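A quick write-up on the structure given underneath.
The values are calculated or read from the model by the stated rules, or taken from the named source; none is laboratory data. Since the structure is predicted, the reported quantities are computational estimates derived from the model, not experimental observations. Note: ideal-geometry Cβ built from the backbone for every residue, glycine included; neighbour counts use all protein chains shown. Protein only, heavy atoms only, side chains kept; ligands, DNA and RNA dropped before computing areas. Shrake-Rupley method; radii C 1.70, N 1.55, O 1.52, S 1.80 Å.
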Amino acid sequence: MPNFWLNFPDLITANHTLESILMSQTTPESAIDWAAIAAKLAPVAVIDEPVLVKKRSRDFFWYSPILNEQLKRCFGDLVAQPKSRAELAHCLAIAYAHDLPVVLRGGGTGNYGQAVPLQGGLIIETTGMNRILEIGDGFVRVEAGALMADINKALLPHGWEMAMFPSTQDIATIGGFIAGGSAGIGSISNGALREKGNIIQLKALSVDSTPKEHTFDAEDALQLHHAWGLNGAITEITLRTVPTRDWVGCMASFDTYHACYAAGYALASSDSIGRKLCSTLDARIADYFPRLKGHIRPDKDLLVALVPQEDVAAFRTLMHDHGGHVDLCMTDAQRRSNNLPHVFEFAYNHTTLQVLKADRTATYQQVGVPDASDAARVAAMGALQGDDLWQHHEFARLNGQVVAFELPIIWFTNSARLREIDATYEAGGFPVYDAHCYFVEGGGLKSADYRHLAWKKRMDPKGLLNPGKSRVWPKVQNLSPEDIEAKA
Ligand SMILES: Cc1cc2nc3c(=O)[nH]c(=O)nc-3n(C[C@H](O)[C@H](O)[C@H](O)COP(=O)(O)OP(=O)(O)OC[C@H]3O[C@@H](n4cnc5c(N)ncnc54)[C@H](O)[C@@H]3O)c2cc1C
(Lines give C-alpha, C1' and ligand atoms only; values in the text may rest on other atoms or scores of the structure.)
Protein backbone atom coordinates (compact mmCIF):
# COMPACT_ATOMS: atom_id res chain seq x y z
CA MET A 1 0.00 0.00 0.00
CA PRO A 2 1.67 3.28 -1.06
CA ASN A 3 1.85 5.89 1.65
CA PHE A 4 -0.48 8.75 0.79
CA TRP A 5 0.66 10.94 3.62
CA LEU A 6 4.27 11.98 3.60
CA ASN A 7 5.36 11.75 7.19
CA PHE A 8 2.82 11.24 9.81
CA PRO A 9 4.11 11.86 13.27
CA ASP A 10 4.54 9.00 15.64
CA LEU A 11 3.51 8.82 19.27
CA ILE A 12 5.47 10.66 21.89
CA THR A 13 7.99 8.24 23.26
CA ALA A 14 8.39 7.78 26.97
CA ASN A 15 11.83 9.39 27.00
CA HIS A 16 10.87 12.31 24.78
CA THR A 17 7.89 14.01 26.34
CA LEU A 18 6.55 17.48 25.67
CA GLU A 19 8.02 18.53 29.03
CA SER A 20 11.52 17.45 27.99
CA ILE A 21 11.18 19.35 24.71
CA LEU A 22 10.06 22.48 26.52
CA MET A 23 12.99 22.13 28.92
CA SER A 24 15.43 22.02 25.98
CA GLN A 25 14.55 25.57 24.97
CA THR A 26 17.65 27.40 23.79
CA THR A 27 17.06 30.84 25.29
CA PRO A 28 15.14 31.08 28.58
CA GLU A 29 11.98 33.01 27.76
CA SER A 30 12.49 35.34 30.72
CA ALA A 31 15.83 36.46 29.26
CA ILE A 32 14.22 37.87 26.12
CA ASP A 33 13.13 41.50 26.09
CA TRP A 34 10.25 41.24 23.63
CA ALA A 35 9.62 44.98 23.56
CA ALA A 36 13.23 45.47 22.44
CA ILE A 37 12.84 42.73 19.81
CA ALA A 38 9.68 44.43 18.51
CA ALA A 39 11.61 47.68 18.17
CA LYS A 40 14.45 45.92 16.31
CA LEU A 41 11.97 44.34 13.91
CA ALA A 42 10.82 47.77 12.68
CA PRO A 43 9.68 48.62 10.03
CA VAL A 44 8.08 45.14 10.06
CA ALA A 45 4.59 45.31 11.61
CA VAL A 46 4.23 43.36 14.86
CA ILE A 47 1.41 42.18 17.12
CA ASP A 48 2.15 42.04 20.84
CA GLU A 49 -1.39 42.10 22.25
CA PRO A 50 -1.45 38.81 24.24
CA VAL A 51 -4.97 37.79 23.15
CA LEU A 52 -4.06 38.20 19.47
CA VAL A 53 -0.68 36.48 19.88
CA LYS A 54 -2.45 33.54 21.56
CA LYS A 55 -4.96 33.35 18.72
CA ARG A 56 -2.12 33.14 16.21
CA SER A 57 -0.42 30.39 18.24
CA ARG A 58 -3.15 27.88 17.43
CA ASP A 59 -3.96 25.73 14.45
CA PHE A 60 -6.49 22.90 14.07
CA PHE A 61 -4.68 20.59 16.54
CA TRP A 62 -7.88 20.61 18.60
CA TYR A 63 -9.37 18.06 16.16
CA SER A 64 -7.41 15.66 18.35
CA PRO A 65 -8.37 15.52 22.05
CA ILE A 66 -4.90 14.11 22.72
CA LEU A 67 -3.10 17.01 21.02
CA ASN A 68 -5.55 19.46 22.54
CA GLU A 69 -4.43 18.48 26.03
CA GLN A 70 -0.75 18.62 25.05
CA LEU A 71 -0.70 21.86 23.05
CA LYS A 72 -3.43 24.11 24.35
CA ARG A 73 -1.06 25.99 26.64
CA CYS A 74 1.70 26.57 24.05
CA PHE A 75 1.83 30.19 22.93
CA GLY A 76 4.24 32.43 21.07
CA ASP A 77 5.48 35.78 22.44
CA LEU A 78 5.34 38.12 19.47
CA VAL A 79 3.93 38.06 15.92
CA ALA A 80 5.78 39.66 13.00
CA GLN A 81 3.94 40.38 9.74
CA PRO A 82 6.47 40.89 6.93
CA LYS A 83 5.10 42.20 3.62
CA SER A 84 8.09 41.37 1.44
CA ARG A 85 11.03 39.01 1.12
CA ALA A 86 13.33 41.72 2.47
CA GLU A 87 11.12 42.15 5.56
CA LEU A 88 11.04 38.39 6.09
CA ALA A 89 14.84 38.27 5.81
CA HIS A 90 15.05 41.05 8.41
CA CYS A 91 12.86 39.01 10.83
CA LEU A 92 15.05 35.91 10.35
CA ALA A 93 18.25 37.90 10.89
CA ILE A 94 16.88 39.30 14.17
CA ALA A 95 15.86 35.78 15.24
CA TYR A 96 19.37 34.51 14.44
CA ALA A 97 21.07 37.34 16.32
CA HIS A 98 18.96 36.77 19.46
CA ASP A 99 18.50 32.96 19.32
CA LEU A 100 14.73 33.29 19.08
CA PRO A 101 12.56 30.25 18.40
CA VAL A 102 10.66 30.97 15.17
CA VAL A 103 7.46 29.48 13.77
CA LEU A 104 6.35 30.35 10.23
CA ARG A 105 2.59 30.68 9.98
CA GLY A 106 0.27 30.90 7.00
CA GLY A 107 -3.45 30.50 7.67
CA GLY A 108 -2.98 28.25 10.72
CA THR A 109 -5.18 25.45 9.34
CA GLY A 110 -2.71 22.60 9.88
CA ASN A 111 -4.05 19.69 11.90
CA TYR A 112 -1.23 18.40 14.05
CA GLY A 113 -0.04 21.50 15.83
CA GLN A 114 2.37 22.06 12.94
CA ALA A 115 2.22 25.83 13.47
CA VAL A 116 2.01 25.79 17.28
CA PRO A 117 5.08 27.34 18.94
CA LEU A 118 6.15 24.65 21.44
CA GLN A 119 8.89 26.86 22.87
CA GLY A 120 7.24 30.27 22.59
CA GLY A 121 9.14 32.84 20.54
CA LEU A 122 8.49 34.69 17.33
CA ILE A 123 5.59 33.80 15.04
CA ILE A 124 6.14 35.05 11.49
CA GLU A 125 2.81 35.40 9.73
CA THR A 126 3.33 35.31 5.98
CA THR A 127 -0.11 36.39 4.71
CA GLY A 128 1.20 39.86 3.79
CA MET A 129 3.54 38.26 1.23
CA ASN A 130 0.73 37.36 -1.12
CA ARG A 131 1.52 38.55 -4.65
CA ILE A 132 0.76 36.44 -7.68
CA LEU A 133 3.91 37.00 -9.70
CA GLU A 134 3.40 35.18 -12.99
CA ILE A 135 0.78 33.09 -14.76
CA GLY A 136 1.92 31.06 -17.75
CA ASP A 137 0.90 27.99 -19.71
CA GLY A 138 0.70 25.21 -17.13
CA PHE A 139 2.27 27.09 -14.22
CA VAL A 140 1.78 29.85 -11.67
CA ARG A 141 4.50 31.62 -9.66
CA VAL A 142 3.39 33.10 -6.35
CA GLU A 143 4.61 34.45 -3.04
CA ALA A 144 4.30 31.95 -0.18
CA GLY A 145 1.62 33.86 1.74
CA ALA A 146 -0.90 33.93 -1.14
CA LEU A 147 -4.23 32.33 -0.26
CA MET A 148 -5.06 29.41 -2.53
CA ALA A 149 -8.56 30.73 -3.26
CA ASP A 150 -6.92 33.93 -4.57
CA ILE A 151 -4.55 31.91 -6.75
CA ASN A 152 -7.44 29.91 -8.21
CA LYS A 153 -9.40 33.14 -8.76
CA ALA A 154 -6.48 34.71 -10.62
CA LEU A 155 -5.95 31.58 -12.75
CA LEU A 156 -9.57 31.17 -13.83
CA PRO A 157 -9.73 33.98 -16.46
CA HIS A 158 -6.59 32.48 -18.05
CA GLY A 159 -8.29 29.06 -18.35
CA TRP A 160 -6.19 27.36 -15.63
CA GLU A 161 -6.65 26.11 -12.08
CA MET A 162 -4.39 24.67 -9.37
CA ALA A 163 -3.70 20.96 -9.90
CA MET A 164 -4.83 20.42 -6.30
CA PHE A 165 -5.78 22.47 -3.26
CA PRO A 166 -7.23 21.79 0.21
CA SER A 167 -10.83 22.58 1.13
CA THR A 168 -9.39 25.31 3.38
CA GLN A 169 -8.35 27.32 0.31
CA ASP A 170 -10.21 30.47 1.48
CA ILE A 171 -7.94 30.90 4.52
CA ALA A 172 -4.90 28.67 3.88
CA THR A 173 -1.71 29.85 2.16
CA ILE A 174 0.18 28.09 -0.57
CA GLY A 175 3.34 28.17 1.61
CA GLY A 176 1.47 26.39 4.41
CA PHE A 177 0.09 23.81 1.98
CA ILE A 178 3.56 23.06 0.58
CA ALA A 179 5.18 22.97 4.03
CA GLY A 180 2.35 21.16 5.85
CA GLY A 181 -0.02 19.51 3.38
CA SER A 182 0.09 16.45 1.15
CA ALA A 183 -2.76 16.42 -1.38
CA GLY A 184 -6.29 17.66 -1.87
CA ILE A 185 -9.10 18.38 -4.28
CA GLY A 186 -7.68 17.51 -7.70
CA SER A 187 -5.38 14.72 -6.41
CA ILE A 188 -7.79 12.15 -7.81
CA SER A 189 -6.52 13.17 -11.26
CA ASN A 190 -3.23 14.93 -10.60
CA GLY A 191 -1.66 12.93 -7.79
CA ALA A 192 -0.14 14.12 -4.53
CA LEU A 193 1.83 17.35 -4.17
CA ARG A 194 5.11 15.44 -4.06
CA GLU A 195 4.58 13.77 -7.43
CA LYS A 196 6.84 14.75 -10.28
CA GLY A 197 5.90 18.03 -11.95
CA ASN A 198 3.42 19.27 -9.32
CA ILE A 199 5.92 21.51 -7.52
CA ILE A 200 8.10 23.13 -10.17
CA GLN A 201 10.28 25.36 -7.99
CA LEU A 202 10.58 26.63 -4.41
CA LYS A 203 12.64 29.48 -3.03
CA ALA A 204 13.42 29.70 0.66
CA LEU A 205 15.44 31.86 3.03
CA SER A 206 17.93 30.54 5.56
CA VAL A 207 18.05 31.70 9.19
CA ASP A 208 21.37 33.45 9.31
CA SER A 209 22.99 36.78 10.19
CA THR A 210 22.34 37.62 6.53
CA PRO A 211 19.62 35.20 5.37
CA LYS A 212 20.27 33.79 1.89
CA GLU A 213 17.63 32.75 -0.59
CA HIS A 214 18.10 29.23 -2.01
CA THR A 215 16.32 27.87 -5.07
CA PHE A 216 15.07 24.27 -5.21
CA ASP A 217 14.09 23.01 -8.65
CA ALA A 218 11.80 20.09 -9.47
CA GLU A 219 12.58 17.02 -7.32
CA ASP A 220 14.85 19.12 -5.07
CA ALA A 221 11.75 20.96 -3.87
CA LEU A 222 10.92 17.80 -1.90
CA GLN A 223 13.74 18.81 0.48
CA LEU A 224 11.35 21.42 1.90
CA HIS A 225 7.96 19.94 1.04
CA HIS A 226 6.11 18.67 4.14
CA ALA A 227 9.03 19.63 6.41
CA TRP A 228 6.69 21.74 8.57
CA GLY A 229 8.77 24.89 8.16
CA LEU A 230 11.69 23.26 9.99
CA ASN A 231 14.31 23.77 7.32
CA GLY A 232 13.76 27.14 5.66
CA ALA A 233 11.27 29.98 5.21
CA ILE A 234 9.60 29.47 1.85
CA THR A 235 9.30 32.75 -0.03
CA GLU A 236 8.18 31.84 -3.54
CA ILE A 237 6.59 28.84 -5.22
CA THR A 238 6.08 27.82 -8.84
CA LEU A 239 3.36 25.23 -9.23
CA ARG A 240 1.90 23.17 -12.02
CA THR A 241 -1.58 24.27 -13.14
CA VAL A 242 -4.12 22.35 -15.22
CA PRO A 243 -6.77 23.54 -17.71
CA THR A 244 -9.94 24.45 -15.85
CA ARG A 245 -13.25 22.75 -16.63
CA ASP A 246 -16.87 23.56 -15.97
CA TRP A 247 -17.07 21.60 -12.71
CA VAL A 248 -20.41 20.42 -11.38
CA GLY A 249 -20.83 19.51 -7.70
CA CYS A 250 -22.63 16.16 -7.47
CA MET A 251 -24.00 14.03 -4.62
CA ALA A 252 -25.42 10.52 -4.93
CA SER A 253 -26.97 8.44 -2.15
CA PHE A 254 -26.91 4.69 -1.49
CA ASP A 255 -28.58 2.13 0.79
CA THR A 256 -25.31 0.60 1.99
CA TYR A 257 -21.79 1.92 2.54
CA HIS A 258 -20.46 -1.06 0.61
CA ALA A 259 -22.36 0.05 -2.54
CA CYS A 260 -21.42 3.68 -2.00
CA TYR A 261 -17.69 2.89 -1.69
CA ALA A 262 -17.83 0.58 -4.74
CA ALA A 263 -19.40 3.40 -6.78
CA GLY A 264 -16.66 5.72 -5.52
CA TYR A 265 -13.96 3.32 -6.69
CA ALA A 266 -15.68 2.94 -10.07
CA LEU A 267 -15.76 6.72 -10.54
CA ALA A 268 -12.16 7.10 -9.36
CA SER A 269 -10.93 4.49 -11.83
CA SER A 270 -13.19 5.44 -14.75
CA ASP A 271 -11.37 6.08 -18.03
CA SER A 272 -14.16 8.18 -19.47
CA ILE A 273 -15.54 10.38 -16.66
CA GLY A 274 -13.48 13.37 -15.55
CA ARG A 275 -13.38 14.14 -11.81
CA LYS A 276 -11.60 16.39 -9.38
CA LEU A 277 -13.05 14.94 -6.18
CA CYS A 278 -14.59 11.64 -5.08
CA SER A 279 -15.46 11.00 -1.42
CA THR A 280 -17.78 8.52 0.30
CA LEU A 281 -19.43 9.02 3.68
CA ASP A 282 -21.40 6.91 6.16
CA ALA A 283 -25.08 7.96 6.34
CA ARG A 284 -24.66 8.99 9.98
CA ILE A 285 -22.02 11.57 8.99
CA ALA A 286 -24.30 13.01 6.30
CA ASP A 287 -26.90 13.62 9.03
CA TYR A 288 -24.50 16.26 10.41
CA PHE A 289 -24.84 18.42 7.27
CA PRO A 290 -27.88 20.61 8.08
CA ARG A 291 -27.28 22.87 5.07
CA LEU A 292 -27.90 19.92 2.75
CA LYS A 293 -31.33 19.19 4.25
CA GLY A 294 -33.87 18.96 1.42
CA HIS A 295 -31.08 18.50 -1.14
CA ILE A 296 -30.05 14.93 -0.26
CA ARG A 297 -32.08 11.90 0.83
CA PRO A 298 -31.88 11.41 4.62
CA ASP A 299 -30.29 8.32 6.24
CA LYS A 300 -28.39 7.31 3.12
CA ASP A 301 -24.67 6.79 2.55
CA LEU A 302 -23.36 9.64 0.45
CA LEU A 303 -20.95 10.00 -2.47
CA VAL A 304 -19.59 13.51 -3.05
CA ALA A 305 -17.96 14.35 -6.40
CA LEU A 306 -16.86 17.10 -8.74
CA VAL A 307 -17.45 16.11 -12.36
CA PRO A 308 -17.15 18.23 -15.55
CA GLN A 309 -20.46 19.35 -17.07
CA GLU A 310 -19.98 17.22 -20.19
CA ASP A 311 -19.62 14.04 -18.07
CA VAL A 312 -22.63 14.51 -15.77
CA ALA A 313 -24.88 12.20 -17.82
CA ALA A 314 -22.26 9.43 -17.69
CA PHE A 315 -21.86 10.06 -13.94
CA ARG A 316 -25.62 9.61 -13.47
CA THR A 317 -25.52 6.30 -15.36
CA LEU A 318 -22.55 5.04 -13.33
CA MET A 319 -24.23 5.87 -10.01
CA HIS A 320 -27.48 4.25 -11.16
CA ASP A 321 -25.59 1.11 -12.24
CA HIS A 322 -24.19 0.85 -8.70
CA GLY A 323 -27.63 1.12 -7.10
CA GLY A 324 -27.30 4.83 -6.29
CA HIS A 325 -29.63 7.78 -6.64
CA VAL A 326 -28.25 11.13 -7.84
CA ASP A 327 -29.63 13.69 -5.38
CA LEU A 328 -27.80 16.83 -6.42
CA CYS A 329 -25.91 18.18 -9.45
CA MET A 330 -25.16 21.91 -9.38
CA THR A 331 -22.93 24.24 -11.32
CA ASP A 332 -21.15 26.85 -9.25
CA ALA A 333 -23.73 29.50 -10.23
CA GLN A 334 -26.60 27.21 -9.14
CA ARG A 335 -24.79 26.42 -5.89
CA ARG A 336 -24.42 30.13 -5.11
CA SER A 337 -28.05 30.92 -5.91
CA ASN A 338 -29.09 28.08 -3.55
CA ASN A 339 -26.78 29.54 -0.90
CA LEU A 340 -24.94 26.23 -0.52
CA PRO A 341 -21.27 25.65 0.36
CA HIS A 342 -18.89 24.04 -2.16
CA VAL A 343 -19.28 20.25 -2.27
CA PHE A 344 -15.67 19.99 -1.16
CA GLU A 345 -16.73 21.37 2.23
CA PHE A 346 -18.23 17.87 2.73
CA ALA A 347 -14.98 16.12 1.85
CA TYR A 348 -11.43 15.65 3.14
CA ASN A 349 -11.00 17.09 6.62
CA HIS A 350 -13.93 19.46 6.19
CA THR A 351 -16.18 16.46 6.83
CA THR A 352 -14.67 16.13 10.29
CA LEU A 353 -15.14 19.87 10.80
CA GLN A 354 -18.85 19.68 9.93
CA VAL A 355 -19.33 17.07 12.66
CA LEU A 356 -17.11 18.92 15.16
CA LYS A 357 -19.22 22.05 14.69
CA ALA A 358 -22.11 20.13 16.29
CA ASP A 359 -20.22 17.96 18.78
CA ARG A 360 -16.68 18.48 20.08
CA THR A 361 -16.40 14.86 21.30
CA ALA A 362 -15.81 13.72 17.72
CA THR A 363 -12.32 13.15 16.41
CA TYR A 364 -10.76 11.29 13.47
CA GLN A 365 -7.90 9.10 12.32
CA GLN A 366 -5.95 8.66 9.06
CA VAL A 367 -5.93 5.15 7.66
CA GLY A 368 -4.66 3.61 4.43
CA VAL A 369 -6.70 1.13 2.41
CA PRO A 370 -4.52 -1.84 1.35
CA ASP A 371 -6.48 -2.54 -1.85
CA ALA A 372 -8.71 0.33 -2.97
CA SER A 373 -10.67 -1.94 -5.33
CA ASP A 374 -11.80 -4.28 -2.52
CA ALA A 375 -15.09 -2.71 -1.35
CA ALA A 376 -16.07 -5.86 0.56
CA ARG A 377 -12.89 -5.71 2.69
CA VAL A 378 -13.46 -2.00 3.37
CA ALA A 379 -17.06 -2.61 4.43
CA ALA A 380 -16.00 -5.59 6.57
CA MET A 381 -13.48 -3.40 8.39
CA GLY A 382 -16.26 -0.87 9.04
CA ALA A 383 -18.43 -3.62 10.51
CA LEU A 384 -15.55 -4.89 12.66
CA GLN A 385 -15.03 -1.48 14.27
CA GLY A 386 -17.70 -0.48 16.80
CA ASP A 387 -20.55 1.98 16.49
CA ASP A 388 -18.17 4.69 17.68
CA LEU A 389 -16.52 4.74 14.23
CA TRP A 390 -18.22 6.04 11.09
CA GLN A 391 -16.46 5.49 7.78
CA HIS A 392 -15.39 8.21 5.33
CA HIS A 393 -13.09 7.58 2.36
CA GLU A 394 -11.25 9.77 -0.13
CA PHE A 395 -10.03 8.50 -3.48
CA ALA A 396 -6.84 9.79 -5.06
CA ARG A 397 -4.17 8.78 -7.50
CA LEU A 398 -0.63 7.93 -6.48
CA ASN A 399 1.99 7.13 -9.12
CA GLY A 400 -0.86 6.58 -11.57
CA GLN A 401 -2.69 4.08 -9.32
CA VAL A 402 -6.10 4.73 -7.74
CA VAL A 403 -5.72 4.68 -3.97
CA ALA A 404 -8.20 5.20 -1.15
CA PHE A 405 -7.64 6.41 2.35
CA GLU A 406 -9.97 6.67 5.26
CA LEU A 407 -10.67 9.63 7.54
CA PRO A 408 -13.28 8.07 9.84
CA ILE A 409 -15.23 10.00 12.44
CA ILE A 410 -14.43 8.51 15.83
CA TRP A 411 -16.51 9.27 18.92
CA PHE A 412 -13.69 9.71 21.39
CA THR A 413 -13.96 8.18 24.83
CA ASN A 414 -10.31 7.69 25.81
CA SER A 415 -6.86 7.05 24.34
CA ALA A 416 -7.01 3.34 25.09
CA ARG A 417 -10.13 2.95 22.91
CA LEU A 418 -8.53 5.05 20.14
CA ARG A 419 -5.48 2.78 20.17
CA GLU A 420 -7.73 -0.29 20.15
CA ILE A 421 -9.33 1.07 16.96
CA ASP A 422 -5.85 1.63 15.49
CA ALA A 423 -4.87 -1.94 16.41
CA THR A 424 -7.98 -3.37 14.72
CA TYR A 425 -7.10 -1.50 11.53
CA GLU A 426 -3.46 -2.60 11.63
CA ALA A 427 -4.37 -6.23 12.34
CA GLY A 428 -6.63 -6.14 9.26
CA GLY A 429 -3.79 -4.79 7.09
CA PHE A 430 -5.01 -1.15 7.08
CA PRO A 431 -2.02 1.07 8.03
CA VAL A 432 -2.72 3.87 10.51
CA TYR A 433 -1.01 7.27 9.99
CA ASP A 434 -1.53 8.72 13.42
CA ALA A 435 -3.27 12.10 13.44
CA HIS A 436 -2.77 12.53 17.18
CA CYS A 437 0.91 13.40 17.40
CA TYR A 438 2.93 16.59 16.78
CA PHE A 439 6.29 15.19 15.57
CA VAL A 440 7.13 15.48 11.89
CA GLU A 441 8.64 11.99 11.91
CA GLY A 442 6.97 8.69 12.46
CA GLY A 443 3.49 7.60 11.54
CA GLY A 444 3.69 7.19 7.76
CA LEU A 445 7.40 6.72 7.27
CA LYS A 446 8.04 5.62 10.84
CA SER A 447 11.54 7.05 10.39
CA ALA A 448 13.26 10.39 9.91
CA ASP A 449 13.61 12.25 6.60
CA TYR A 450 17.36 12.82 6.81
CA ARG A 451 17.37 14.91 3.63
CA HIS A 452 14.99 17.35 5.35
CA LEU A 453 17.29 17.40 8.37
CA ALA A 454 20.46 17.87 6.29
CA TRP A 455 18.83 20.95 4.75
CA LYS A 456 17.82 22.08 8.22
CA LYS A 457 21.49 22.02 9.18
CA ARG A 458 22.32 24.12 6.09
CA MET A 459 19.41 26.55 6.34
CA ASP A 460 18.93 26.74 10.12
CA PRO A 461 22.21 25.76 11.80
CA LYS A 462 21.07 27.02 15.21
CA GLY A 463 17.88 24.93 15.05
CA LEU A 464 15.59 27.91 15.62
CA LEU A 465 12.82 26.97 13.15
CA ASN A 466 9.78 25.27 14.70
CA PRO A 467 11.83 23.79 17.57
CA GLY A 468 10.54 20.62 19.23
CA LYS A 469 8.71 19.26 16.17
CA SER A 470 11.48 16.89 15.09
CA ARG A 471 12.22 13.96 17.35
CA VAL A 472 15.42 13.21 15.46
CA TRP A 473 16.96 16.68 15.05
CA PRO A 474 18.43 16.81 18.62
CA LYS A 475 20.31 13.57 17.80
CA VAL A 476 21.88 14.86 14.55
CA GLN A 477 22.18 18.61 15.06
CA ASN A 478 25.92 18.44 15.74
CA LEU A 479 26.69 16.47 12.55
CA SER A 480 27.57 18.01 9.18
CA PRO A 481 24.81 18.16 6.53
CA GLU A 482 26.67 15.47 4.56
CA ASP A 483 26.84 13.15 7.59
CA ILE A 484 23.14 13.70 8.26
CA GLU A 485 22.30 12.97 4.60
CA ALA A 486 24.41 9.82 4.70
CA LYS A 487 21.96 8.36 7.22
CA ALA A 488 19.16 8.43 4.62
C1 LIG B 1 -10.95 21.51 7.36
C2 LIG B 1 -9.56 21.16 6.94
C3 LIG B 1 -9.34 20.57 5.70
C4 LIG B 1 -8.05 20.25 5.27
N5 LIG B 1 -7.87 19.63 4.08
C6 LIG B 1 -6.62 19.30 3.69
C7 LIG B 1 -6.38 18.65 2.45
O8 LIG B 1 -7.29 18.39 1.69
N9 LIG B 1 -5.12 18.32 2.12
C10 LIG B 1 -4.05 18.62 2.93
O11 LIG B 1 -2.92 18.31 2.57
N12 LIG B 1 -4.24 19.27 4.09
C13 LIG B 1 -5.48 19.62 4.49
N14 LIG B 1 -5.68 20.27 5.67
C15 LIG B 1 -4.53 20.75 6.44
C16 LIG B 1 -4.22 22.25 6.06
O17 LIG B 1 -5.32 22.97 5.73
C18 LIG B 1 -3.38 22.37 4.84
O19 LIG B 1 -2.18 21.71 5.06
C20 LIG B 1 -3.14 23.86 4.53
O21 LIG B 1 -2.76 24.00 3.24
C22 LIG B 1 -2.18 24.55 5.47
O23 LIG B 1 -2.02 25.90 5.05
P24 LIG B 1 -1.90 27.06 6.12
O25 LIG B 1 -1.57 28.33 5.42
O26 LIG B 1 -3.06 27.10 7.00
O27 LIG B 1 -0.62 26.54 6.92
P28 LIG B 1 -0.26 26.66 8.46
O29 LIG B 1 -1.17 25.81 9.27
O30 LIG B 1 -0.13 28.07 8.84
O31 LIG B 1 1.20 26.01 8.45
C32 LIG B 1 1.39 24.65 8.17
C33 LIG B 1 2.87 24.31 8.35
O34 LIG B 1 3.61 24.99 7.34
C35 LIG B 1 4.61 25.84 7.92
N36 LIG B 1 4.69 27.04 7.07
C37 LIG B 1 3.71 27.93 6.78
N38 LIG B 1 4.17 28.86 5.92
C39 LIG B 1 5.47 28.56 5.67
C40 LIG B 1 6.49 29.15 4.88
N41 LIG B 1 6.29 30.25 4.15
N42 LIG B 1 7.72 28.57 4.86
C43 LIG B 1 7.96 27.44 5.58
N44 LIG B 1 7.03 26.85 6.36
C45 LIG B 1 5.81 27.40 6.39
C46 LIG B 1 4.14 26.12 9.33
O47 LIG B 1 5.21 26.40 10.21
C48 LIG B 1 3.46 24.79 9.68
O49 LIG B 1 4.41 23.88 10.12
C50 LIG B 1 -6.95 20.57 6.11
C51 LIG B 1 -7.17 21.17 7.35
C52 LIG B 1 -8.45 21.47 7.77
C53 LIG B 1 -8.64 22.13 9.10
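The table for this structure:
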| quantity | calculated |
| --- | --- |
| Residue count for the range 349-373, restricted to those that are within 23 Å of Q401 (Cβ to Cβ), more than 14 Å from the ligand (Cβ to nearest atom) and assigned to a loop (DSSP other than H, G, I, E, B) | 6 |
| The range 45-59, residues that are open to solvent by less than 10 Å² (accessible area, probe 1.4 Å) and either in contact with a Pro (Cβ under 9 Å, 6 or more places away or on another chain) or in contact (Cβ under 8 Å) with a residue 60 or more places away in the chain (or both) | V53, S57 |
| Within the range 159-184, tally of residues that are in contact with a Leu (Cβ under 8 Å, 6 or more places away or on another chain), more than 6 Å from the ligand (Cβ to nearest atom) and not in a helix (DSSP H, G or I) | 7 |
| The range 144-158: number of residues that are more than 9 Å from the ligand (Cβ to nearest atom) and either farther than 12 Å from L239 by Cβ or open to solvent by less than 20 Å² (accessible area, probe 1.4 Å) (or both) | 10 |
| Test result for L202, away from the ligand (no atom under 15 Å from the Cβ), open to solvent by less than 20 Å² (accessible area, probe 1.4 Å) and touching a residue at least 12 places away in the same chain (Cβ under 8 Å) | no |
| Residue check, T173 among the polar types (S, T, N, Q) and open to solvent by less than 10 Å² (accessible area, probe 1.4 Å) | yes |
| Hits in the range 121-158 (condition: over 19 Å from R245 (Cβ atoms) and part of a strand (DSSP E or B)) | L122, I123, I124, E125, I132, L133, E134, G136, R141, V142, E143, L147 |
| Residue pairs meeting the criteria (Cβ under 6 Å; at least 6 apart or on separate chains; first within 15 Å of K300 (Cα to Cα), in the range 244-257; second part of a loop (DSSP other than H, G, I, E, B) and open to solvent by 70 Å² or more (accessible area, probe 1.4 Å)) | S253/R297 |
| Some residue of the range 60-73 being open to solvent by 20 Å² or more (accessible area, probe 1.4 Å), within 28 Å of V142 (Cα to Cα) and either part of a loop (DSSP other than H, G, I, E, B) or more than 10 Å from the ligand (Cβ to nearest atom) (or both) | no |
| Within the range 247-304, tally of residues that are of a type in the set (S, T, N, Q), surrounded by fewer than 21 Cβ atoms within 10 Å (Cβ to Cβ) and within 19 Å of A383 (Cβ to Cβ) | 1 |
| One residue from T244, T235 being among the β-branched types (V, I, T) and either more than 30 Å from I124 (Cβ to Cβ) or open to solvent by 10 Å² or more (accessible area, probe 1.4 Å) (or both) | T244 |
| Residue in the range 79-126 that is least open to solvent (accessible area, probe 1.4 Å), counting only those that are among the acidic types (D, E) and in contact with a Lys or Arg (Cβ under 7 Å, 6 or more places away or on another chain) | E125 |
| T413 being polar (S, T, N, Q) and within 14 Å of the ligand (Cβ to nearest atom) | no |
| Flag for A416 being more than 20 Å from Y63 (Cα to Cα), at pLDDT 95 or above and of a type in the set (G, A, S) | no |
| Some residue of the range 94-103 being out of contact with any helix residue (DSSP H, G or I) (no Cβ under 9 Å at 6 or more places or on another chain) and without any contact (Cβ under 8 Å) to a residue 24 or more places away in the chain | no |
| Qualifying residue in the range 266-286 (condition: among the basic types (K, R), assigned to a helix (DSSP H, G or I) and within 16 Å of the ligand (Cβ to nearest atom)) | no |
| Residue selected from the range 85-128 under the condition over 17 Å from I237 (Cα atoms) and of a type in the set (V, I, T), by the criterion nearest to the ligand (Cβ to nearest atom) | T109 |
| Flag if I185 is within 19 Å of K276 (Cβ to Cβ) and touching a strand residue (DSSP E or B) at 6+ places or on another chain (Cβ under 8 Å) | yes |
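Yes/no per residue for (1) in contact with a strand residue (DSSP E or B) (Cβ under 7 Å, 6 or more places away or on another chain); (2) modelled with pLDDT under 95; (3) more than 30 Å from Y364 (Cα to Cα):
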{"position": "F60", "(1), (2), (3)": "no, no, no"}
{"position": "Q81", "(1), (2), (3)": "yes, no, yes"}
{"position": "L88", "(1), (2), (3)": "yes, no, yes"}
{"position": "C91", "(1), (2), (3)": "yes, no, yes"}
{"position": "L104", "(1), (2), (3)": "yes, no, no"}
{"position": "T109", "(1), (2), (3)": "no, no, no"}
{"position": "W160", "(1), (2), (3)": "yes, no, yes"}
{"position": "T173", "(1), (2), (3)": "yes, no, no"}
